[in-house]
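In what follows, a structure is listed as structure tokens, so that the remarks can point back to it.
We did not get these values from a lab; they are worked out from the coordinates using the rules stated. Since we're looking at a predicted model, the values are computed, not measured. As a convention, Cβ positions derive from the backbone with ideal geometry for all residues, glycine included, and neighbour counts pool all protein chains shown.
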Amino acid sequence: MRYVAIEHLRDGMILGKTLYGEMGEVLLRQGSPILLNYINKISCLGYFGLYIQDALSEDIDVKDTINEDLKMRTIQSVKTMMNINRDNDKEIQKSFSELEDLVESIVKDITSNKDVIINMIDLKVANNYTYYHSVNVTVISLVIGLAMNLESKDMYNLGIAALLHDIGKIFTPNEILDKPGALTLDEYNIIRKHPEDGYNYVKGKLGTHTKTYLGILEHHERFDGTGYPKQTSGKDIGLFARIIAVADVYDALTSDRPYKKRVIPSDAMEYIMGGGGTFFDIDVVREFSKIVAPYPVGTCVRLTNDLVGIVVENFSDCCLRPRIKIIKDGNELIEPYLINLKTSNYNVIISDTTDALTSDQ
Ligand SMILES: [Fe+2]
């Protein structure tokens, strides 16, 4: 299976991973042909790319970090939680206990996998950004937490904080959240209230751990004291918030937003690494850089010697040097063969990612 950007999809390509709609319903199942009229629909829904299976990539398996069904149920549950009548305490409690169970399952899913890395380009629907984003931030935060050897109770509390980190946005008007252009100073100040609003809401309504409230309150604080709401700095910012900050920015950078286009994972990683010690806690960034693959499996890459191929495997101790199935030399299709950048080809590096693998796309 390999990743193809929406603009390079062609009539009749075979879908590699099941596509879901805004309500979590199945739109198109893995293995179905992608017909021309569907490509427009997929694009309108806000998908910016998807996985296909073809002869070139049939031996490449792309796995999400957590179970797909669990991920979709959690996205729905966050959506319910964020759209509940804020005065209906009974419904809020019910929805929260559902989220607690889901976080427990996510923690179990992640901790059962020893060498877990974020190794897939996320297929998110831009229209439901906040819900998808909340779940992605949770998964990335928990994988960092696992790499930092957090104990199981902390993993669970970190998961709740990450899942609800943006819940304060239920108090922010949609016109501001989805505004395509630059924000005015007043609008920006309204958005900046969401960490405190979220903190007060969760503290007042839900019986969670203090570390969890603080994770929500401090997730926009920056290590050098330039964040908000309190300009807290260094290790005075709770560990949960220092982890969530990295996961939050990484997922936001790799997502399409009304006011900006996404960047590829390797560029987003470079940005995060550049902020280590200033915006972000360098200890967290160090762990992050080990567990997120800059070139996820299924990504098409071009090497400095002009070979083109598909990433087959990433190594958690050397994510920049994956195993690659080479299929092109320059513009010529060649008999495919595997190379492992981790153990050979020392003078060759990945120069670029490419969506156009064959001449017809
Ligand atoms: Fe936020």
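Would you mind finding the longest exposed-site-free stretch of the chain, with exposed chymotrypsin sites (Phe, Trp or Tyr not before Pro) meaning DSSP loop and at most 14 other Cβ atoms within 10 Å? Walk me through the intermediate numbers first.
Details: sites that count: Tyr259, Tyr346.
That would be 1-258.
Leaving out same-chain residues fewer than 8 places away, which lysines sit with a Cα under 16 Å from that of Lys179?
Within the straight-line cut-off, Lys179 pairs with Lys169, Lys260, Lys261.
Going by how many other Cβ atoms sit within 10 Å of their own, how do Arg321, Arg242 line up, fewest first?
Details: Arg321 20, Arg242 23.
With the sparsest Cβ surroundings first, the list reads Arg321, Arg242.
In whole Hz, with x marking every Gly and Pro, tabulate ³J(HN,Hα) for the range 24-34 from phi via Karplus 6.51 cos²θ - 1.76 cosθ + 1.60, θ = phi - 60°.
Coupling constants for the range 24-34: x, 6, 6, 8, 8, 7, 3, x, 7, x, 9 Hz.
Please report, for the Cα atoms of the range 1-59, the Rg to one decimal and the Dmax as a whole number; what are they, in angstrom?
Looking at the range 1-59, its Cα Rg and Dmax stand at 10.6, 33 Å.
Taking the Cα centre of each part, how many Å lie between the range 292-361 and the range 122-158?
Value for the Cα centre distance between the two parts: 28 Å.
Need one word for the range 36-98: rounded, prolate or oblate. Basis is the Cα gyration tensor (sqrt eigenvalues a ≥ b ≥ c); a/c below 1.5 gives rounded, then a/b vs b/c decides. Numbers along the way, then the final one.
Working: a/c = 5.77, a/b = 2.03, b/c = 2.84.
Note, shape of the range 36-98 comes out oblate.
Could you please state, rounded to a whole Å, how far the C-alpha centre of the range 32-54 is from the C-alpha centre of the range 173-208?
First find each Cα centre; the distance between them is then 33 Å.
Per residue of the range 282-295, in order, report the coupling 6.51 cos²θ - 1.76 cosθ + 1.60 (Karplus, θ = phi - 60°) as ³J(HN,Hα) in whole Hz, putting x for Gly and Pro.
Coupling constants for the range 282-295: 4, 5, 5, 4, 4, 5, 4, 5, 8, 10, 10, 7, x, 10 Hz.
Could you tell me the extents of the chain's C-alpha atoms along the three principal axes, largest first, rounded to whole Å?
Principal extents (Cα only, largest first): 62, 44, 43 Å.
Using only alpha carbons, build the gyration tensor for the range 300-353 and give me the equivalent ellipsoid semi-axes, biggest first, whole Å. Walk me through the numbers before you get to the answer.
Values: eigenvalues 63, 25, 18 Å².
Over the Cα atoms of the range 300-353, the ellipsoid semi-axes are 18, 11, 9 Å.
How about Lys153: which lysines have a C-alpha closer than 24 Å to its C-alpha, ignoring those fewer than 8 places off in the same chain?
Excluding near neighbours in sequence, the set is Lys71, Lys94, Lys108, Lys114, Lys203, Lys205, Lys211, Lys235, Lys290.
Whole-Hz Karplus ³J(HN,Hα) for the range 45-53, in order, using 6.51 cos²θ - 1.76 cosθ + 1.60 and θ = phi - 60°, x for Gly and Pro?
5, x, 6, 10, x, 7, 9, 10, 10
In a Gaussian network model over the chain where Cα atoms closer than 10 Å are linked, find which of Gly309, Gly330, Gly16 has the largest mean-square fluctuation.
Residue with maximal mean-square fluctuation among Gly309, Gly330, Gly16: Gly330.
Anyone know which of Gly204, Gly276, Gly24 comes out most mobile in the 10 Å Cα GNM of the chain?
Gly204
So what's the range 202-287 giving for Rg/Rh, alpha carbon basis, Kirkwood Rh from the mean inverse pair distance? Working shown, then result.
Working: Rg = 13.7 Å, Rh = 13.5 Å.
Using only Cα positions, Rg/Rh for the range 202-287 is 1.01.
Express in nm, to one decimal, how much length is gained between Lys94 and Asn347 on full extension, taking 0.36 nm for each residue of separation and deducting their alpha carbon distance. Each step should come with its number before you reach the end.
Details: separation 253, 0.36 × 253 = 91.08 nm, distance 5.71 nm.
Full extension from Lys94 to Asn347 adds 85.4 nm.
Place a point 7 Å from the Cα of Thr80 along the Cα-to-Cβ direction; which residues of the range 98-116 have their backbone N under 19 Å from it?
98-107
Which one of Thr278, Thr111, Thr210 has the biggest mean-square fluctuation once the chain is modelled by GNM with Cα springs under 10 Å?
Checking each option, the largest mean-square fluctuation is seen for Thr210.
Taking Lys193 as the anchor, which aspartates and glutamates have their alpha carbon closer than 15 Å to its alpha carbon, excluding any fewer than eight residues away along the same chain?
Asp166, Glu218, Glu221
If the chain between Thr226 and Lys205 were fully stretched, how many nm would it gain, using 0.36 nm times the residue separation less the Cα-Cα distance? Spell out each step's value before the answer.
On the way: separation 21, 0.36 × 21 = 7.56 nm, distance 2.96 nm.
Gain on stretching Thr226 to Lys205: 4.6 nm.
Hey, what number do you get for the chain at 222 nm if only DSSP H runs of n ≥ 4 count, each worth -39500 (n - 2.57), divided across all residues, to the nearest 500?
Working: 12 runs with 146 residues, N = 361.
That calculation yields -12500 deg cm²/dmol at 222 nm.
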